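Below: the structure, in structure tokens.
The values are calculated or read from the model by the stated rules, or taken from the named source; none is laboratory data. Note that the coordinates shown come from a computational prediction; the quantities given were computed from them, not determined experimentally. Because the Cβ atoms are built from the backbone with ideal geometry, glycine has one as well, and the counts that use them run over all protein chains shown. All accessible areas refer to the heavy atoms of the entire protein, side chains included, with ligands and DNA or RNA removed. Shrake-Rupley method; radii C 1.70, N 1.55, O 1.52, S 1.80 Å.
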Amino acid sequence: MSWLETIRTSLDAIRTHRLRSGLTMLGILIGIAAVILTVGLGEGAQQQVASAINSLGTNLLVISPGSSTTGGVRGGLGTSSTLTVNDANSLASHTVAPDIAAVAPSTSRNTALAVGATNWTTSVVGTTPDWASVRARRLISA
């Protein structure tokens with residue numbers, strides 16, 4: 001059997017079974033499109049996650065106090081008050097820790113706010129001016 005005869009036989013089979021051939025081609029096209037879309041979505045998600053991680057700062061180290069135990073009940077992470085402002089000042093000192101570029105201590109509390117007859121509970125965070133540079137944030141106004 002020659003190549004010419006093989007091609008002629010295959011073209012005859014395609015012509016006689018048009019619906020089957022069309023559905024086969026449609027399946028192949030849908031499969032290729034699905035693979036391309038899946039790979040594209042995966043790449044896009046990977047870039048978005050990498051961008052989010054880089055926006056946090058690639059050389060950022062967050063130090064949190066441990067948990068406290070009161071009456072046999074263990075509190076969550078950060079319930080202990082073992083870290084102080086003096087600890088942050090020591091880390092910010094270039095003589096004590098010359099490799100640390102900036103330190104931004106912060107504290108947060110849940111508190112109730114009231115204005116007139118309206119009140120609500122919110123979280124209030126206190127920090128230093130270095131927080132924006134340490135967290136790679138910019139202040140903008142609307």
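With 0.36 nm allotted per residue and the present C-alpha distance subtracted, the residue 124-residue 81 stretch has 13.8 nm of extension available. Each label point was placed 7 Å from the Cα along the Cα-to-Cβ direction; for residue 51 and residue 9 their separation is 5.5 nm. Accessible area per residue was computed with a 1.4 Å probe on protein heavy atoms; residue 49 scores about 90 Å².
Listed values for segment 10-15 are Karplus-derived 3J(HN,Hα) couplings in whole Hz (6.51 cos²θ - 1.76 cosθ + 1.60, θ = phi - 60°), namely 5, 5, 4, 5, 5, 5, and x replaces Gly and Pro. Given their separation in residues at 0.36 nm each and the Cα-Cα distance between them, residue 30 and residue 18 gain 2.5 nm when the chain is fully extended. If each Cα of segment 1-58 is one equal point scatterer, what is log10 of I(q)/I(0) from the Debye formula at q = 0.18, 0.19 Å⁻¹? After summing over all Cα pairs, the log10 values are -0.76, -0.79.
For residue 114 and residue 132, the difference between the fully extended length at 0.36 nm per residue and the C-alpha to C-alpha distance is 3.7 nm. Dividing the summed -39500 (n - 2.57) terms of all DSSP H runs of n ≥ 4 by the residue count of the chain sets its mean residue ellipticity at 222 nm at -15000 deg cm²/dmol.
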